[in-house]
Amino acid sequence: MVRLWILLVLTLLATNGNAQQTNNRQLYQTLDSLIEHYDQLTAEKERRVAAIKEGVKGITLTPEQQYDFNQRLYDEYVAYKFDSAFYYIDKNVKALNSSSDHNRFAASAVRMAHILAVTGLFDRARRMLDAVNPDSINDQQKIAYYNQQSELNLYRSEMAQSTAYFYDYIQRAQYYRQLVMQIAPKGSFDYIFNQATYMCEAGDTDGAIKKLEDYLQQLKEGTRTYSIVTSTLAFFYQSKEMWEQQERYLLLSAISDERSAIRENNSLRSLSEVLMTHGNNDDAYRYLYQAISEAKFYGSRIRMMQVGRMAPQILQLYDAERSQTQRRTYLFLTVISIISLILAGIIVYTLWLYRKKHAAGKQIIEMNKMLAQHAEEIEIANSQMKEANRIKEEYIGRFLELSSMLLSNTEQRLKLLNRLARERKLEELYAELKTMEPVNTGIRTFHSHFDTAFLNIYPHFISEVNKLLTPDNQFATDDEGTPNKRLTTELRILALIRLDITDNQEIADILRSSITTIYTYRSKLKARAFNKETFEDDIRKIATY
């Protein structure tokens with residue numbers, strides 16, 4: 001009787017496994033069909049976006065309507081094309097930068113932080129989130145804000161794998177998930193998704209899977225939410241080493257991405273890794289190539305880095321396959337010379353091997369071209385950074401010129417004083433020695449050069465300082481809303497602090513003021529700040545561009 005039950009259980013398990021394999025094969029066919037129609041799906045997406053743009057042609061939009069229009073286009077582009085999504089959300093961020101509408105600014109800033117994080121600009125994404133005050137926005141915007149903080153820490157943890165900082169980022173992500181769960185409605189996507197990911201990270205993977213699989217029944221395939229949930233379920237099953245279920249949900253996620261022309265995705269790359277472990281190198285390469293094409297189309301540096309890390313593995317497999325092919329070819333060529341009776345068969349087999357080797361070589365060449373292009377893009381980015389450094393170095397010349405000019409003026413004044421002394425024109429000599437105008441002129445010239453050079457290096461310094469000050473205590477800008485080209489004494493003190501000159505005596509010496517004056521200015525500036533304790537530290541964090 002016991003044997004009969006064991007046999008029945010094994011039969012049921014085998015039947016379920018076969019059914020799962022059949023279902024996965026059907027999903028692969030669907031995915032391959034969608035990839036074949038990649039250009040058509042892309043064209044449909046472009047037509048849909050063009051129709052939205054066409055709908056407002058010739059219409060003068062109010063600021064509110066322009067904001068909604070930009071946000072709508074961002075939502076269309078956010079998972080489709082990075083530069084377009086960035087363009088439209090950047091317009092909203094700039095329009096609301098000094099606005100009192102905290103909720104709209106937060107909505108735009110969170111979206112901007114997402115698009116920056118996706119492409120790997122983590123510091124800029126963090127600064128964008130730092131500009132949002134969660135205490136001044138409603139619960140809906142708080143949920144989006146905390147979700148983005150969690151996402152940013154997850155991206156950072158991925159870049160920090162195998163380092164001591166990995167778990168720090170994971171714990172910060174867990175912290176923001178808890179904040180979402182405190183305010184999100186119980187049945188909402190935000191609540192369920194954050195609860196499931198929190199449970200999985202805390203060790204309750206089975207509970208997390210049940211949460212998301214139950215919620216998945218409410219979602220429609222082809223939506224971004226469906227793609228995210230299925231991709232997350234694949235990760236959960238991977239952590240449980242349930243490979244067939246992982247593969248199934250990766251397929252569902254990839255199909256959903258391709259159906260709705262989502263180009264910012266991760267499922268195809270993960271699917272190619274699964275196929276590579278199965279030894280299906282041809283399909284693994286095909287899906288990886290598609291993932292590279294989509295990442296390049298979207299413009300995501302993170303996705304390019306992820307697929308770039310897989311490329312050496314694929315190349316290694318092809319190199320191994322090519323070496324194995326060569327060894328077999330040499331072996332059978334030797335056999336040909338010895339066994340003449342099977343010469344014809346060996347020649348046919350060798351030709352087949354040669355064609356396979358040639359195909360593998362072409363694929364490697366193509367992959368190398370893509371990697372070279374990626375390296376060239378990185379080199380261009382490095383060149384741009386070097387160019388920025390050279391620009392900064394040129395500003396040193398301005399202070400060298402100032403020093404030279406002051407030395408020349410001093411030399412001319414000494415010559416004048418010597419001449420008056422030599423000619424015994426004592427009254428004129430005394431008048432020249434008594435006047436402070438040359439000193440005052442030198443100070444004004446120094447201030448002018450300092451202001452110009454500093455604002456060239458930090459063009460948005462005054463605007464960034466204003467963000468740290470309460471609205472009634474901000475520095476004035478000109479009629480066009482752009483910062484003035486001259487600094488006040490208070491701003492010069494802050495400028496020196498930004499240059500890491502913090503000693504009151506040193507600042508007083510540079511600005512030709514008393515140490516009491518400098519101390520008074522610094523105390524008043526701190527009193528005008530939102531955060532008085534960290535005000536000067538915040539000043540030192542202001543970026544050059």
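Working only within region 78-92, note down all residues that are in a helix (DSSP H, G or I) and open to solvent by 10 Å² or more (accessible area, probe 1.4 Å).
Within region 78-92, 82, 83, 84, 86, 87, 88, 90, 91 meet the criteria.
Which pairs have Cβ atoms under 9 Å, sit 6 or more apart or on different chains, and link a residue in region 354-373 that is over 12 Å from residue 289 (Cα atoms) to one that is among the acidic types (Asp, Glu) and open to solvent by 50 Å² or more (accessible area, probe 1.4 Å)?
360/319
Against the conditions (1) touching a strand residue (DSSP E or B) at 6+ places or on another chain (Cβ under 9 Å); (2) closer than 16 Å to residue 540 by Cβ; (3) of a type in the set (Gly, Ala, Ser), where does residue 495 fall short? Just the number, please.
Condition (1) is where residue 495 drops out.
Considering each of 184, 208, 196 in turn, give the residue that is over 27 Å from the mean Cα position of the chain (by Cα) and closer than 22 Å to residue 155 by Cβ.
208
Report, ordered by the first and then the second residue, all pairs with beta carbons closer than 8 Å, sequence separation of six or more or different chains, a first member in region 497-511 that is open to solvent by 10 Å² or more (accessible area, probe 1.4 Å), and a second member that is assigned to a loop (DSSP other than H, G, I, E, B).
498/458; 498/542; 510/501
Looking at region 419-460 only, could you name the residues that are within 36 Å of the chain's Cα centre (by Cα) and hydrophobic (A, V, I, L, M, F, W, C)?
450, 453, 454, 455, 457
Six or more apart or on different chains, Cβ under 7 Å: which pairs go from a residue in region 138-158 that's touching a residue at least 60 places away in the same chain (Cβ under 8 Å) to one that's surrounded by 20 or more Cβ atoms within 10 Å (Cβ to Cβ) and part of a helix (DSSP H, G or I)? Could you list them?
Listed pairs, sorted by first residue: 155/117.
Among the helices (runs of 4 or more DSSP H) contained in region 123-220, which hold 2 or more residues that are over 25 Å from residue 106 (Cα atoms) and open to solvent by 80 Å² or more (accessible area, probe 1.4 Å)?
The qualifying helices (runs of 4 or more DSSP H) are 166-183, 205-216.
Spot the failing condition for residue 493; the list is (1) within 29 Å of residue 105 (Cα to Cα); (2) touching a helix residue (DSSP H, G or I) at 6+ places or on another chain (Cβ under 6 Å), and only one is missed.
(1)
Only one of these conditions is not met by residue 255: (1) modelled with pLDDT of 90 or more; (2) surrounded by fewer than 21 Cβ atoms within 10 Å (Cβ to Cβ). Which number is it?
(2)
How many residues are open to solvent by less than 70 Å² (accessible area, probe 1.4 Å) and not β-branched (Val, Ile, Thr) if we restrict to region 222-243?
Final tally of qualifying residues: 9.
The values are calculated or read from the model by the stated rules, or taken from the named source; none is laboratory data. Being a predicted model, the structure only gives us computed values, none of them experimental. Quick reminder, even Gly has a Cβ in these numbers, built from the backbone with ideal geometry, and neighbours come from all protein chains shown. To get the accessible areas, we keep the full protein, side chains included, count just its heavy atoms, and leave off ligands, DNA and RNA. Shrake-Rupley method; radii C 1.70, N 1.55, O 1.52, S 1.80 Å.
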